[in-house]
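First the structure, in the form of structure tokens, and then the observations on it.
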Amino acid sequence: SGGVIAAYRIEWTLLASVLPLLLSGLFALLLEEPPKVKSTGEVGYWQHIRLTFREMKSNQTLRYLLIYLLGISVIWDLEEFDQLYYQLAGLPLFAFGLVLCLGAVLNALGARFAHRLKACTWVISALPFGSAVALLLVGAFPSLPGIGLLLLAYFIIVPVEVLLESHLQHSIIGVSRATVTSAASLLVGIFGVGAPVVFRGVKMGAVSKI
């Protein structure tokens, strides 16, 4: 709906965005603090951190899966530029929201049915390759059909992420499962911040040599 409203006046989109924020704040004020309970002697915070790094150091399969997750997370670093691509391809402003909604539905379907691909060993290598090829075509030929190809690139990478996360959980053999999972998310987040900076540096270096 934001794209439809913005097609008339962009200021209305900003004003309409305030209402969900106000409602979220209202519901947050209604939440109650849980009662504090005395510790039962569980493993301390820093002990969890030490166990996590020990697990990553000793578990070769875990390290491989983490590196793979970092690699395919690059595609989501590109997602923030989608709306610029829509504009370049000539997509009407009112249709931006429709395309984003369609993409969200496709990604949800990809995650929902990812388990059906767990027996196909080729999926984890073939689908990222297919997604990369689709992105190269999207970048080389900006067009309205390219938007569909862009959505397809996202759609086929989602099951891979779900399966990798499952393999990651099964590869953890220590007691700090939640901490290892959090550390993996942290690494992906840091990579997501640093990767665009590196990409821009490479691009600027290439442009300066032309």
Query - Cα Rg, Dmax, the chain, angstrom units - result: 21.4, 65
Query raised in the report: Just how much of ARG63 is accessible, in Å², when a 1.4 Å probe is used and the result is rounded to the nearest 10?
Result: 100
Requested in this report: For every helix of n ≥ 4 consecutive DSSP H residues, a contribution of -39,500 (n - 2.57) applies; sum these over the chain, divide by its total residues, and give [θ] at 222 nm rounded to the nearest 500 deg cm²/dmol.
Outcome: -25500 deg cm²/dmol
Report task. May I ask you to give the percent of accessible area on the chain that is carbon plus sulfur, with a probe radius of 1.4 Å? Result -> 71
Report summary line: Correct response: the longest run of the chain lacking exposed GluC sites (Glu not before Pro), defined by DSSP loop and at most 10 other Cβ within 10 Å, is 43-210
Report task. Mind telling me which of LEU109, LEU26, LEU78 comes out most flexible in a GNM of the chain, alpha-carbon contacts under 10 Å? Result -> LEU26
Report task. Taking 7 Å along the Cα-to-C-beta vector as the label spot, tell me the LEU51-PHE129 distance in nanometres, rounded to one decimal. Result -> 4.0
Report task. Count neighbours as other Cβ atoms within 10 Å of each site's Cβ, and list the chymotrypsin sites (Phe, Trp or Tyr not before Pro) in the stretch 84-180 that are DSSP loop with at most 12 such neighbours. Result -> PHE113, TRP122
Query - Segment LEU19-GLU32, extension gain: residue separation times 0.36 nm, minus the distance between their alpha carbons - result: 2.4 nm
Report summary line: Pseudo-spin-label distance TYR8 to LEU84, built 7 Å along Cα→Cβ, given in nm, is 3.0
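Checking the a/c ratio against 1.5 first, then a/b against b/c, what shape does the Cα gyration tensor give for the stretch 152-196?
oblate
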Requested in this report: Roll a 1.4 Å probe over the protein chains and send me the accessible area per residue for the chain in Å².
Outcome: 69
Report summary line: Distance in nm between ALA195 and ASP77 label points, each 7 Å along Cα→Cβ, equals 0.6
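The values are calculated or read from the model by the stated rules, or taken from the named source; none is laboratory data. All figures in this text were calculated on a predicted structure; none of them were measured in a lab. No Cβ is skipped: glycine too gets one built from the backbone with ideal geometry, and neighbour counts run over all protein chains shown. The accessibility values were calculated without ligands, DNA or RNA, using every heavy atom of the protein model including side chains. Shrake-Rupley method; radii C 1.70, N 1.55, O 1.52, S 1.80 Å.
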